[in-house]
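To start, the structure itself, in structure tokens.
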Amino acid sequence: MKKRNRNYLCMLLILSVIGFCCYRKFDMPPPYTGINLTANLTIKELRAMHFAGGFECILDDYVIEGIVVADDRHDNFYKSIVLQDSTGGITIRMDGTGLYNNYPVGRKIAVKLKTLWLGDYAKMIQLGAAVDRSDSAFPELRPIPTPLFDKFILRGTLNNPVIPKPVRMDELQDSLQSCLLLIDNVEFSTADTGRTYADAVNKLSDNATVKSCTGGSAYLRTSGFAGFAGAKIPRGNGSLVAVYSVFRTEKQLMLRDTSDVRMDGLRCTAAGFKVLAAENFEQAALGQELSINGWRNIAESGGIRFAAKKTGGNTFAEISAFATGKAGVVSWLIMPSINLSNSANEVLRFETKDAFDNGGTLQVFASTNYDGGSTPSKFKWTLLKAVVAKGSVSAVRGDWLSSGKVSLSGLNGNVWLAFRYDAADPPSAFDKRTTTFQLDNIRVDGN
């Protein structure tokens, strides 16, 4: 028993000694003090070291410093970041993905240039780690390997201001390569508007032509892998923020994201608005269901259709499920299709009145796949944001209520616009929704 106790005490002593010896005090990491390196070369001076078509290894202890103005967050800049200082910009090829996690837009970085290489791809100057000469006819600049990122690139402060340089389209030149630019008063060519930036399904890159109202044009190049490849190209006029690039003799612009495109103004290639469609019902026959050339007046359920009515010398369309005894009413008044391919900034306007409102609704929809038949509910319709009269419970609303400007700018090709009435007048008092609606002065304008 004594021997066992002695062994137990010895074991405790050994464990105590081991625990004491293994205990280590961990120091807190030193506070961040920024990049401990001073730039001794500007990006403009770095670019001047390159001779077109060649490769140059940098042998001196040069350092450049700048702010990241574009990264790979939305996959339009593949395995690269774009660095810019007050003198110019340079694209840095890096053999990794998710670079934006450590090198996001707005981060200040310094790059130690010794043993890195300059080269160009179709006259676009880039910075990399080596030259691949396996194909002697087409040598290629290699990106910086991931394990060497921290050797060459020192990370500095985050969230530094990124201000694009304002330029005109006709001012684009090689000195602006890899610079973030702001170009005002531009628009996409009519042939490109409404289509997607690139082929997101087949992952194919594509170009779209950007034109300036004061002269000059460039291609907007988008990768098929970009997160916004499937987004629609806008049809208006406005401003564009992009990184300038070249491909041989072609001038190219590259988006970071579609938030850098703001084109809500009138196109400069067309003078003012033009009327694409209009109807005030003044020629409609009174006292009967509306029958207007090209329009569809469809009672999909309940047998109730829009009719022409007249008050105070004004003719309008009216519909109501009151006293019909129909348990469910779905009625459509559909305009003739409108081709929006050759216009921009399209706006729908109309006016409404309501009466004896008890829950019936009138809504406006748009469709690009409706076939013009008698069962519109079988097709895809997008609800448009419009102001429609409501709340007049004891009589007809006194004044006409404007819908406001209902934007159609996200639509392209042949588009159907429809007014849909939903109501019910069951025999029981429960769920009666028989609101009367009046509709007038429908108009679609575009630029």
Please enumerate the residues belonging to the range 256-279 that are modelled with pLDDT of 90 or more, surrounded by 15 or more Cβ atoms within 10 Å (Cβ to Cβ) and under 29 Å from Trp295 (Cα atoms). Leu276, Ala277, Glu279
Filtered residues of the range 356-384 (kept if in a loop (DSSP other than H, G, I, E, B), closer than 20 Å to Ala423 by Cα and either not assigned by TED's automatic domain parsing to the domain that holds Ala299 or not small (Gly, Ala, Ser) (or both)): Phe356, Asp357, Asn358, Thr375, Trp381, Leu384
Would you point out the residue of the range 355-393, among those that are in contact with a Gly (Cβ under 7 Å, 6 or more places away or on another chain) and of a type outside the set (A, V, I, L, M, F, W, C), that is nearest to Trp295 (Cα to Cα)? Thr368
Would you call Ala355 within 29 Å of Asp264 (Cβ to Cβ) and either surrounded by 13 or more Cβ atoms within 10 Å (Cβ to Cβ) or modelled with pLDDT of 95 or more (or both)? no
Kindly provide the set of residues from the range 385-410 that are within 30 Å of the chain's Cα centre (by Cα), in a loop (DSSP other than H, G, I, E, B) and among the aliphatic types (A, V, I, L, M), ordered by number. Ala386, Val387, Val388, Leu408
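So, restricting to strands (runs of 3 or more DSSP E) that lie completely within the range 118-226, which ones have at least 1 residues that are buried (at least 16 other Cβ atoms within 10 Å of the Cβ) and within 24 Å of the chain's Cα centre (by Cα)? So that I can check it myself, show each step before the final result.
Numbers: elements: 124-128, 130-132, 140-142, 153-155, 165-167, 180-188, 206-212, 217-222.
Filter on the range 118-226 gives 165-167, 180-188, 206-212, 217-222.
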Identity of the residue in the range 227-254, under 10 Å from the mean Cα position of the chain (by Cα) and assigned to a loop (DSSP other than H, G, I, E, B), that ends up surrounded by the most Cβ atoms within 10 Å (Cβ to Cβ): Ala229
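Is it the case, given these coordinates, that Ser341 is in the same structural domain as Glu279 (by TED's automatic domain parsing) and touching a helix residue (DSSP H, G or I) at 6+ places or on another chain (Cβ under 8 Å)?
no
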Any residue in the range 393-406 that is of a type in the set (Ser, Thr, Tyr), in contact with a Lys or Arg (Cβ under 8 Å, 6 or more places away or on another chain), surrounded by fewer than 20 Cβ atoms within 10 Å (Cβ to Cβ) and assigned by TED's automatic domain parsing to the domain that holds Pro336? yes
The listed residue being touching a Pro at 6+ places or on another chain (Cβ under 6 Å) and of a type outside the set (S, T, N, Q), out of Arg155, Arg133, Arg142, Arg168: Arg133
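The values are calculated or read from the model by the stated rules, or taken from the named source; none is laboratory data. As the structure is a prediction and not an experimental result, all values here were calculated from the model. For neighbour counting, all protein chains shown are included, and Cβ atoms are generated from backbone atoms with ideal geometry for every residue, glycine included.
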